[in-house]
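Here's the structure we're looking at; comments come further down.
The values are calculated or read from the model by the stated rules, or taken from the named source; none is laboratory data. Treat the numbers as computed from the prediction; the structure is a model and nothing was measured. We place every Cβ from the backbone using ideal geometry, glycine too, and count neighbours over all the protein chains shown.
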Amino acid sequence: MQKEALREELSETGVNVTAMLPGATNTNFHLNAGMDSTYFGDEKNKNDKELVAKQGYEALKNKLDHVVCGDEATKKEAEDNKTTPEDVKASRHAKKAKPQQ
């Protein structure tokens with residue numbers, strides 16, 4: 001994966017690389033991307049930005065290579081995704097990214 005390659009390339013420089021995997025987070029990202037009427041634009045489906053930032057910072061301080069940030073549902077989905085076929089994940093994401101009616 002790219003994160004491992006970058007982490008390895010920088011290993012002798014003193015630079016730590018931690019990939020954050022936060023899922024939807026309550027920022028203006030989805031509004032600015034024109035996705036406010038999608039599943040991801042709904043605030044009830046978003047992780048708290050302060051929690052995400054804290055978890056990411058802690059992972060960086062502890063020199064973890066990656067961290068899934070957010071609530072337990074986000075972490076469970078990330079774990080489930082390890083065994084979910086790529087086409088199923090892509091289809092699920094596409095449905096969530098379309099405007100809701």
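Please determine whether any residue of segment 15-28 is within 15 Å of Ala97 (Cβ to Cβ) and out of contact with any helix residue (DSSP H, G or I) (no Cβ under 6 Å at 6 or more places or on another chain). No, because not a single residue in segment 15-28 is within 15 Å of Ala97 (Cβ to Cβ) and out of contact with any helix residue (DSSP H, G or I) (no Cβ under 6 Å at 6 or more places or on another chain). Cβ-Cβ distances below 6 Å connect the following pairs, each with a first residue in segment 69-83 that is of a type in the set (Lys, Arg), a second residue that is crowded, with 16+ Cβ neighbours inside 10 Å, and a separation of six or more residues or different chains: Lys75/Val68. Considering only residues in segment 76-99 that are part of a loop (DSSP other than H, G, I, E, B) and surrounded by fewer than 11 Cβ atoms within 10 Å (Cβ to Cβ), the one that is modelled with the lowest pLDDT turns out to be Lys82.
Scanning segment 4-37 for residues that are farther than 17 Å from Thr74 by Cβ and among the β-branched types (Val, Ile, Thr) yields Thr13, Val15, Val17. Per the conditions (1) surrounded by 14 or more Cβ atoms within 10 Å (Cβ to Cβ); (2) free of Cβ contacts under 8 Å to residues at least 24 places away in the same chain; (3) small (Gly, Ala, Ser), the sole criterion not satisfied by Ala5 is (1).
Checking the stated criteria, Val15 turns out not to satisfy the condition of being under 13 Å from the mean Cα position of the chain (by Cα) and outside any helix (DSSP H, G or I). Out of all the residues in segment 28-58, which are under 13 Å from the mean Cα position of the chain (by Cα) and in contact (Cβ under 8 Å) with a residue 40 or more places away in the chain? Once the filter is applied, which keeps residues that are under 13 Å from the mean Cα position of the chain (by Cα) and in contact (Cβ under 8 Å) with a residue 40 or more places away in the chain, segment 28-58 yields only Phe40.
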